Amino acid sequence: MRALDALIPYARNARTHSDAQVAQIAASIREFGWTNPVLLDGDSGVIAGHGRLLAARMLGLAEVPCIELAHLTEGQRRAYILADNRLALNAGWDEELLRVELAELKALDFDLGLTGFAADDIAALDGKPLDVEFPEFDETAGDDVAMAICPKCGHEFPK
């Protein structure tokens, strides 16, 4: 963990973050915790995670988790700043699997806004409804699973 005020954002970071997007990141951190630490160079300079820093400020946090990448050359560091922001944008979606995942999250009464998808995006998935039928839950489904007990801590887990 590093003090938020000690971190130095990259002045030439070409990625922008709207207030709405920072609020989405903040909501994600509130819901899921810190799943993606801020990446730093060897001098507390931010390589990746500028949006997360803004969200941390919005949440009133004093410290954030960080990973230091001091081994990068200046060229590598600058190129990675761009690559980190761009590479995920080059991916696509399997819309059928996306539709199923969103439908199942909806069935769990999960706030779909936390996925980053807007209601219009969800509705635009080929105009197909997000209704999914689930099989009946069978409470005896796990009865025949063999269990083991950890000899050190006593925790019981499936074999």
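The values are calculated or read from the model by the stated rules, or taken from the named source; none is laboratory data. Since we're looking at a predicted model, the values are computed, not measured. Virtual Cβ from ideal backbone geometry, glycine too; neighbours counted across all protein chains shown.
So in region 1-26, with the set limited to residues that are among the charged types (D, E, K, R) and not in a strand (DSSP E or B), which one is nearest to ALA48 (Cα to Cα)? Talk me through it step by step, then tell me what you get.
Start the filter on region 1-26 by keeping residues that are among the charged types (D, E, K, R), which leaves 2, 5, 12, 15, 19.
Keeping just the survivors that are not in a strand (DSSP E or B) gives 5, 12, 15, 19.
Working: ASP5: 16, ARG12: 12, ARG15: 10, ASP19: 18 Å.
Looking at residues that are among the charged types (D, E, K, R) and not in a strand (DSSP E or B), I get ARG15.
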Residue hits (region 79-90; under 16 Å from the mean Cα position of the chain (by Cα) and of a type outside the set (D, E, K, R)) are ASN85, LEU87, ALA88, LEU89
Among the residues of region 63-78, is any assigned by TED's automatic domain parsing to the domain that holds TRP34, in contact with a helix residue (DSSP H, G or I) (Cβ under 7 Å, 6 or more places away or on another chain) and under 25 Å from GLY33 (Cβ atoms)? yes
Taking region 16-54 and keeping only residues that are closer than 14 Å to ALA3 by Cα, touching a helix residue (DSSP H, G or I) at 6+ places or on another chain (Cβ under 8 Å) and of a type in the set (A, V, I, L, M, F, W, C), one is left with VAL38, LEU39, VAL46, LEU53, LEU54
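Which strands (runs of 3 or more DSSP E) sit wholly inside region 32-103 and have at least 1 residues that are more than 25 Å from ASP19 (Cα to Cα) and at pLDDT below 95? Give the steps one after another, and end with the answer.
On the way: elements: 38-40, 46-48, 66-68.
Passing ranges: none, list empty.
Restricting to region 17-38, give me the number of residues that are more than 20 Å from PHE117 (Cβ to Cβ) and either out of contact with any Leu (no Cβ under 7 Å at 6 or more places or on another chain) or outside the structural domain of ILE67 (by TED's automatic domain parsing) (or both). Let's see the steps before the verdict.
Just the residues of region 17-38 that are more than 20 Å from PHE117 (Cβ to Cβ), to begin with: 33-34, 37-38.
Add one more test, that the residue is either out of contact with any Leu (no Cβ under 7 Å at 6 or more places or on another chain) or outside the structural domain of ILE67 (by TED's automatic domain parsing) (or both), and what stays is 33-34, 37.
Number of matching residues: 3.
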Cβ pairs under 6 Å, 6+ apart or interchain, first in region 86-105 and small (Gly, Ala, Ser), second modelled with pLDDT under 95 and exposed (fewer than 14 other Cβ atoms within 10 Å of the Cβ), ordered by first then second residue, are ALA103/VAL132
In region 19-56, anything surrounded by fewer than 14 Cβ atoms within 10 Å (Cβ to Cβ) and not small (Gly, Ala, Ser) is listed as ASP19, ARG30, GLU31, PHE32, THR35, ASP43
Counting only residues that are loosely packed, with under 14 Cβ neighbours inside 10 Å, under 22 Å from PHE32 (Cα atoms) and of a type in the set (A, V, I, L, M), region 98-125 contains a total of 5
Considering region 106-115, residues that are without any contact (Cβ under 8 Å) to a residue 24 or more places away in the chain and part of a helix (DSSP H, G or I), and then whichever is farthest from ALA23 (Cα to Cα), we arrive at LEU112
